[in-house]
Amino acid sequence: GLRFHVDAQTAIIGSANPVGGAWKEGKIDLDKIAMIKPLLDRFDLIFTFKDKRDENTDLEYAQQKAEMENRPRPDYTAYIVKHIMYTKQRYPKPKFSDEATVMLNRYYADVRKRFGSPRIRETIFMIARNLARFKLKDTIDAADAKETMQYYNFILLEMEMVVVAVARNPREEAYE
């Protein structure tokens, strides 16, 4: 009967097929995912995989796959594990530059104006932080913020939502 709040990050990966078995050509309709809307809204990132059926593309894929069958495949697992461990130890929480913070806040406000939940801000900032950590950086700069906004725009584009303009660096705006 006791309730406790544990502040811990959790990763949940879900997979869903559209109702009816296939997406309409070129359109991802979130209404076709058989899931309660408030639950679907809790997913930070939604990636779509489309099965484009084109004979020429399929033949080219099969040929490339056949050529790769007998080649040895490199295993980068050990390197990736070491890289992740190193970034967690050396760059646990990169700091946001003033420019990056302004850019990401403007972008969030534009995204939020059109659709989405307040949790989108945390998602965008988490992506920027992880991007900087991946690049082994202590500070999240304007370039990282711009790359984060472009990445999130790609996700929005896949769901045929309006792509939001990438916020400009306030220093460049002031200079111009």
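The table for this structure:
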{"quantity": "Failed condition for SER15, given (1) small (Gly, Ala, Ser); (2) loosely packed, with under 10 Cβ neighbours inside 10 Å; (3) at pLDDT below 85; (4) over 24 Å from ASN153 (Cβ atoms)", "calculated": "(4)"}
{"quantity": "Failed criterion for ARG71 (all others in (1) open to solvent by 100 Å² or more (accessible area, probe 1.4 Å); (2) at pLDDT 90 or above hold)", "calculated": "(2)"}
{"quantity": "Close pairs (7 angstrom Cβ cut-off, 6 or more residues apart or separate chains): without any contact (Cβ under 8 Å) to a residue 60 or more places away in the chain in the range 71-94, open to solvent by 100 Å² or more (accessible area, probe 1.4 Å) anywhere", "calculated": "THR87/PHE134"}
{"quantity": "Hits in the range 40-68 - residues which are at pLDDT 70 or above, within 17 Å of ILE12 (Cα to Cα) and either open to solvent by 100 Å² or more (accessible area, probe 1.4 Å) or part of a helix (DSSP H, G or I) (or both)", "calculated": "ARG42, PHE47"}
{"quantity": "Single condition ASP110 does not satisfy, out of (1) open to solvent by less than 70 Å² (accessible area, probe 1.4 Å); (2) touching a helix residue (DSSP H, G or I) at 6+ places or on another chain (Cβ under 9 Å)", "calculated": "(2)"}
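The values are calculated or read from the model by the stated rules, or taken from the named source; none is laboratory data. Computed from a predicted structure; not experimentally measured. In this analysis, Cβ positions are derived from the backbone assuming ideal geometry, glycine residues included, and neighbour counts consider all displayed protein chains. With ligands, DNA and RNA removed, areas are computed over all heavy atoms of the protein, side chains included. Shrake-Rupley method; radii C 1.70, N 1.55, O 1.52, S 1.80 Å.
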